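To keep things clear, I will list the structure first and then write my remarks on it.
The values are calculated or read from the model by the stated rules, or taken from the named source; none is laboratory data. All figures in this text were calculated on a predicted structure; none of them were measured in a lab. We place every Cβ from the backbone using ideal geometry, glycine too, and count neighbours over all the protein chains shown. For accessibility, only protein heavy atoms count, side chains too; no ligands or nucleic acids. Shrake-Rupley method; radii C 1.70, N 1.55, O 1.52, S 1.80 Å.
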Amino acid sequence: MTETLTPVLGEATVEELRQAIRGPIVTPEDDGYDEARAVWNGLHDDRRPALVVQATGVADVSAALGFARSHDLPVAVRGGGHSVAGFSTVEGGIVIDLSKMRGVRVDVAARRAYVGGGATWADVDHETQAHGLATTGGLVSTTGVGGFTLGGGIGWLMRKHGLACDNLLAADVVTADGRIVRASDTENAGLFWGLRGGGGNFGIVTEFELALHPVGPIVYAGPIFYPAEAARPLLRLFRDWSAGASDDLTGFVSLMTAPPLPVIPEQWHGEKVAAFVAVSPGAIDEAAAQVSDFRTVAEPIADLAGPMPYTAMQSLLDPLWPKGINAYFKATNLASLDDALIDSFCELHLGAPGPQCEIHVHQMGGAVGRVPEGATAFADRSMPFVLNAVTGWHDTGAADEHIAWARAVNDTAADSSTGRGYVNFLGDAGAGRSSYGPETYERLTALKREYDPSNIFRLNQNIEP
Ligand SMILES: Cc1cc2nc3c(=O)[nH]c(=O)nc-3n(C[C@H](O)[C@H](O)[C@H](O)COP(=O)(O)OP(=O)(O)OC[C@H]3O[C@@H](n4cnc5c(N)ncnc54)[C@H](O)[C@@H]3O)c2cc1C
């Protein structure tokens, strides 16, 4: 019965945990084990945890953590399960899965959302948009609030309202020693600093308190697609435009392959294209005027930018990035985007090994840049752009060429990088130190020693105690 459980665990021991926990506990012997252990990135789906604990509340989380400690089991914490580097699963260990903790309560008067540690952005948008409110969430709505917010959180509202971590007002946290604490500007302020960019290094957040803003329900949004030949002038325009764009708008360029969607003319399906997207929660007319140059920089293949429901924009990309796809990302913060770098991106785009190889350039600045450097653990605020080389593939034999391509895109930007990278966009483990830079990393290390000296939370861009 127990041959696939780790040797230290017998049925009786697991039964002990069942008595302490209200949520389901799934072991390799149970029906539904493969579903329970599955994470978003198929590349990491071979891992077989000894236990998946589907916690239903703070007490379950604390008990599961205590069990892991006393049985010396490696711990993976799972929010939305979207970790590109595969941090939310673990071979032979315990997964503390928060996906049953997805409640979202909105305090309309205070403009706050109280969000369960396992909620996705779709959960948050659904509840908050019922009140015409929103906060910065991900470009794909199935992404978890947990990992996203703790790492920083780049999204369509960020230049107006800040990163997701800038909208974090407080958090309920289960620490490595099982304590249940609150972190905010006034309680455990050091921990609160670390939660805003330091990833899951310091504890398990069971509830996020997030600031909300009036948004939509209709916003200016949507992609404009161009032929790949237009990528050079598009990126140049994007660079120059970004410097003076209103904070209402958050812009983005993707060098990609046209997906087979009915909104794109059929002859372009599967062809290399470039896309520009800008989202504005501000006045529709003003947003349209601000992006008018993007309508003349080249003849668009398909122009889908205009008024649309905010929730439609938030889920527009979901079908392109389904659970189970193999994926690898590599990213760096760009201090500049000069013509030579644009040329390199365009060449690499044309040589991409598969249809889901995308060069993303995110426009930063605005409210993100106005937070003082070092005020949060997401410390590098200087960059005008963030580069993310994103790859996805279904044929398992295609991993090496996709990973090599993403690394080549990143390498070509080395001279233009600030030297830092955004932890949530990194497909490799072990990039913590270089992502944060020496000063922030030192402060994070001191915090890690205080809150997790034995490094129980090590499946993340790890801060070594
Ligand atoms: C398709 C896709 C689209 C994305 N788009 C964006 C984007 O637009 N902007 C952006 O900034 N990033 C984006 N990302 C990256 C994303 O922010 C990270 O993958 C993030 O870690 C996902 O969070 P999660 O909760 O879903 O992940 P998980 O895999 O569940 O967790 C990731 C890490 O966070 C920890 N963690 C999760 N929840 C908690 C919690 N409640 N308490 C403590 N630790 C926790 C985990 O232990 C793990 O170390 C995207 C990723 C994917 C796969």
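Observations on the model:
- In summary, the convex hull built on the alpha carbon positions of the range 78-205 has an orientation-averaged projected area of 8.0 nm².
- For the range 101-166, the equivalent ellipsoid derived from the alpha-carbon gyration tensor has semi-axes of 16, 14, 10 Å in decreasing order.
- For the range 391-465, a crude dipole built from +1 on the beta carbon of Lys and Arg and -1 on the beta carbon of Asp and Glu, taken about the Cα centre, is about 320 debye to the nearest 20.
- Placing unit charges on the Cβ atoms only, positive for Lys and Arg and negative for Asp and Glu, gives the range 1-160 a dipole magnitude near 1020 debye about its Cα centre.
- Neighbour cut-off at most 16 other Cβ (10 Å), DSSP loop, GluC sites (Glu not before Pro), the range 253-330: GLU271
- Computed about the Cα centre, the dipole magnitude for the chain is approximately 920 debye when only Lys and Arg (+1) and Asp and Glu (-1) carry charge, each at its Cβ.
- Considering the range 317-384 at the alpha-carbon level, its Rg and Dmax are found to be 15.5, 40 Å.
- Semi-axes of the equivalent ellipsoid of the chain are 36, 24, 21 Å, computed as sqrt(5λ) over the eigenvalues of the C-alpha gyration tensor in descending order.
- For VAL297, the solvent-accessible surface computed with a 1.4 Å probe is close to 40 Å², ligands and nucleic acids excluded.
- Dividing the summed helix terms, -39500 (n - 2.57) for each DSSP H run of n ≥ 4, by the number of residues in the chain produces a 222 nm estimate of -8000 deg cm²/dmol to the nearest 500.
- Two-decimal Rg to Rh for the range 149-212 - Kirkwood Rh, Cα set: 0.98
- Ordering THR332, PRO372, THR120 by the projection of their Cα atoms onto the charge dipole of the chain, which places +1 on the Cβ of Lys and Arg and -1 on the Cβ of Asp and Glu, puts PRO372 at the extreme positive end.
- Computed over the alpha carbons of the range 194-236, Rg followed by Dmax gives 19.4, 48 Å.
- Net charge contributed by nearby residues that have their C-beta within less than 15 Å of ARG182 (K/R +1, D/E -1): -2
- For SER315, solvent-accessible area (1.4 Å; no DNA, RNA or ligand), Å²: 50
- Exposure rank, largest accessible area first [SER242, SER454; 1.4 Å]: SER454, SER242
- For the range 370-460, the percent of C-alpha pairs falling in each 5 Å distance bin, counted from 0 to the bin holding the largest distance, reads 2, 11, 18, 21, 17, 13, 11, 6, 1.
- For the range 1-96, applying the loop criterion from DSSP together with a ceiling of 16 other beta carbons within 10 Å to the GluC sites (Glu not before Pro) yields GLU3, GLU29, GLU91.
- For the set LEU191, LEU317, solvent exposure ranked by accessible area (probe 1.4 Å, protein chains only) runs largest to smallest as LEU317, LEU191.
- With the alpha-carbon atoms of the range 16-109 aligned to their principal axes, the span from lowest to highest coordinate is 46, 32, 24 Å, starting with the largest.
- Restriction of the trypsin sites (Lys or Arg not before Pro) in the range 37-140 to DSSP coil positions whose beta-carbon has at most 11 other beta-carbons within 10 angstrom yields no sites.
- Each Lys or Arg adds one and each Asp or Glu subtracts one; over the other residues with Cβ under 10 Å from the Cβ of GLY374, this totals -1.
- Accessible area of LEU73 (1.4 Å probe, protein heavy atoms only, ligands and nucleic acids ignored): about 10 Å².
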